[in-house]
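The values are calculated or read from the model by the stated rules, or taken from the named source; none is laboratory data. Keep in mind the model is a prediction, meaning the values are calculated, not measured. Neighbour counts are summed over all protein chains in view; Cβ atoms, including those assigned to glycine, are modelled from backbone coordinates with ideal geometry.
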Amino acid sequence: MTTIDPAARIETGAAIGQNVSIGPYCTVGPNVTIGDGCRLVAHVHVTGHTIIGPRTVIYPFASLGSPPQSVKYRGGPTRLVIGADCDIREGVTANIGTEEDRGVTEIGDRCFLMVGSHVAHDCKVGNDVTFANNAVLGGHVTVGDFAVFGGNSAVRQFVRIGEGAMIVGLSGVRADVIPWGMVQGPLADLVGLNVIGMTRRGFSKAQIHALRAAYQTVFFGKGEFRARLDRLVKSAAADVLVRRMIDFIRAGKRPLTMAARRAEAREDA
């Protein structure tokens, strides 16, 4: 049974699913869809053309679907789409898209957005992504599944974050991050691989060792970077994780976060 606190305000046109709980002082706009089993704890603001997936829980003072923080936004009916089973904590903000891009901001299933984190306009966030407190994405950022953002980290606009990447807290990311890469620093460098993340995902030791070897070849081998990458394509094309890293690098149109120094000792930090 859906329950709506008398102190909440639900505007005409909003679509509220079954078994939804909306607490006191929540506001839900006329173009919002709240999926089955969602819970808006209290003081939650959902506006714009926004869809919240089933069983997502939203905590006080989160603001979802407000206009993008972009001078290029022209007031169009762009969207915010949030997946199922997300946990959106206090003070989280996520904006709708802009007409300059796909017109939609997307957050996947089972994402955990901790206090004060922000997903800007036109971002596309995968499934099972974790944002620690005050982690923020600039506009047009793409994030792969299972990525993790440490507290007070920031990603500049148009950057791609690969699957399973680890952004260490207090890091500023200005270039693409390879799948399962770990970056750190105020102007972040690639400092190793997210071995703990790969282990938790159930990858075998052989797979992890193969990716480590590929990482060493690409970032620390002899010769030019593109030549090293081409050699790796020929020698490790059958390995799934290595292939994903190669494909990610080759698909890039913007700079790649590079390894500034050897960091094997940091890989399992």
Inset, instruction - Search segment 254-269 for residues being at pLDDT 95 or above and out of contact with any Phe, Trp or Tyr (no Cβ under 8 Å at 6 or more places or on another chain), and hand back the single one that is farthest from VAL218 (Cα to Cα). - result: PRO255
Inset, instruction - For residues that are touching an Asp or Glu at 6+ places or on another chain (Cβ under 8 Å) and assigned to a loop (DSSP other than H, G, I, E, B), scanning just segment 1-24, find the one that is surrounded by the fewest Cβ atoms within 10 Å (Cβ to Cβ). - result: GLN18
Legend entry - Options VAL136, VAL168, VAL141: the member that is free of Cβ contacts under 8 Å to residues at least 24 places away in the same chain, of a type in the set (A, V, I, L, M, F, W, C) and in contact with a His (Cβ under 7 Å, 6 or more places away or on another chain): VAL136
Legend entry - Identity of the residue in segment 60-80, surrounded by 19 or more Cβ atoms within 10 Å (Cβ to Cβ) and among the aliphatic types (A, V, I, L, M), that ends up nearest to the chain's Cα centre (by Cα): LEU80
Inset, instruction - Select from segment 91-136 the residues that are of a type in the set (A, V, I, L, M), within 19 Å of ILE51 (Cβ to Cβ) and crowded, with 22+ Cβ neighbours inside 10 Å and list them in ascending order. - result: VAL92, ALA94, ILE96, ILE107, LEU113, VAL119, ALA120, VAL125, VAL129
Inset, instruction - Please work out which one of (1) surrounded by fewer than 18 Cβ atoms within 10 Å (Cβ to Cβ); (2) under 23 Å from the mean Cα position of the chain (by Cα) is the condition ARG226 fails and give its number. - result: (2)
Inset, instruction - Hey, could you check segment 33-59 for residues that are more than 15 Å from CYS86 (Cα to Cα) and either touching a His at 6+ places or on another chain (Cβ under 8 Å) or among the small types (Gly, Ala, Ser) (or both) and say which is surrounded by the most Cβ atoms within 10 Å (Cβ to Cβ)? - result: GLY48
Legend entry - Residue that is within 21 Å of PRO68 (Cβ to Cβ), touching a Lys or Arg at 6+ places or on another chain (Cβ under 8 Å) and buried (at least 22 other Cβ atoms within 10 Å of the Cβ), where the choices are VAL143, VAL191, VAL177: VAL143
Inset, instruction - Within segment 114-133, track down each residue that is outside any strand (DSSP E or B), without any contact (Cβ under 8 Å) to a residue 24 or more places away in the chain and among the charged types (D, E, K, R). - result: ASP128
Legend entry - Neighbours by Cβ (under 6 Å, 6+ apart or cross-chain): first from segment 232-253, more than 15 Å from GLN207 (Cβ to Cβ); second surrounded by 13 or more Cβ atoms within 10 Å (Cβ to Cβ) and of a type in the set (Asp, Glu): GLY252/ASP176
Legend entry - Single condition ALA84 does not satisfy, out of (1) surrounded by 19 or more Cβ atoms within 10 Å (Cβ to Cβ); (2) under 15 Å from the mean Cα position of the chain (by Cα); (3) small (Gly, Ala, Ser): (1)
Inset, instruction - Go through SER66, SER70, SER21 for me and flag whichever is at negative phi, in the same structural domain as CYS111 (by TED's automatic domain parsing), in contact (Cβ under 8 Å) with a residue 40 or more places away in the chain and out of contact with any Pro (no Cβ under 9 Å at 6 or more places or on another chain). - result: SER70
Inset, instruction - State all residues of segment 229-259 that are loosely packed, with under 12 Cβ neighbours inside 10 Å and among the small types (Gly, Ala, Ser); if no residue qualifies, say none. - result: ALA237, ALA238, ALA251
Legend entry - Matching entry among GLU106, GLU100 (being in the same structural domain as THR47 (by TED's automatic domain parsing) and assigned to a strand (DSSP E or B)): GLU106
Inset, instruction - Take segment 234-260 and flag every residue that is in contact with a strand residue (DSSP E or B) (Cβ under 7 Å, 6 or more places away or on another chain) and either part of a helix (DSSP H, G or I) or not assigned by TED's automatic domain parsing to the domain that holds ARG212 (or both). - result: ILE249
